[in-house]
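Worksheet for the structure shown next.
The values are calculated or read from the model by the stated rules, or taken from the named source; none is laboratory data. Everything quoted here is computed from the prediction, not taken from an experiment. So basically every Cβ, Gly included, is an ideal-geometry build from the backbone, and we count neighbours across all protein chains shown. Each accessible area value is taken on the protein alone, full model and side chains, heavy atoms only, with ligands, DNA and RNA left out. Shrake-Rupley method; radii C 1.70, N 1.55, O 1.52, S 1.80 Å.
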Amino acid sequence: ESEFEKKLRPSEVVKELNRHIVGQGDAKRAVAIALRNRWRRRQLPEDLIKEVTPRNVLMIGPTGCGKTEVARRMASLGDAPFIKVEATKFTEVGYHGRDVDQIIRDLMDISMNVTRKKFTEQRR
């Protein structure tokens with residue numbers, strides 16, 4: 001196992017989340033397992049990847065319970081872009097049109113910045 005694989009073990013992810021987030025044990029475990037499952041799916045041969053559908057994680061809870069922080073930390077651990085979108089802004093107009101396009105653009109911008117930063121660090 002590589003260092004990255006060890007880092008993505010659910011128990012290691014939960015330990016890392018415990019360093020920053022108090023409580024929410026069930027949520028931390030659920031997202032840790034989801035992250036590992038996504039990573040394992042990427043390791044499959046290309047013909048099998050199409051057969052295994054990834055599952056998204058939907059976090060529901062009251063304001064201030066830690067949903068955003070769990071998501072932000074998971075994105076960091078999984079080396080993925082993160083953006084927080086205020087859902088009420090988009091439910092008023094639906095999930096079509098310019099608003100969703102803007103969310104995608106924002107995610108792409110963040111992804112490009114993260115990628116540039118990685119390449120810059122690799123060149124040093």
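Summary of computed values
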| quantity | calculated |
| --- | --- |
| Label point distance in nm, K15-A75, each placed 7 Å from Cα along Cα→Cβ | 2.6 |
| Label-point separation, C65 to E46 (7 Å along Cα→Cβ), nm | 4.2 |
| Solvent-accessible ranking of D47, D106, largest area first, probe 1.4 Å | D47, D106 |
| Added length on full extension, which subtracts the Cα-Cα distance from 0.36 nm per residue, R29 to Q122 | 30.2 nm |
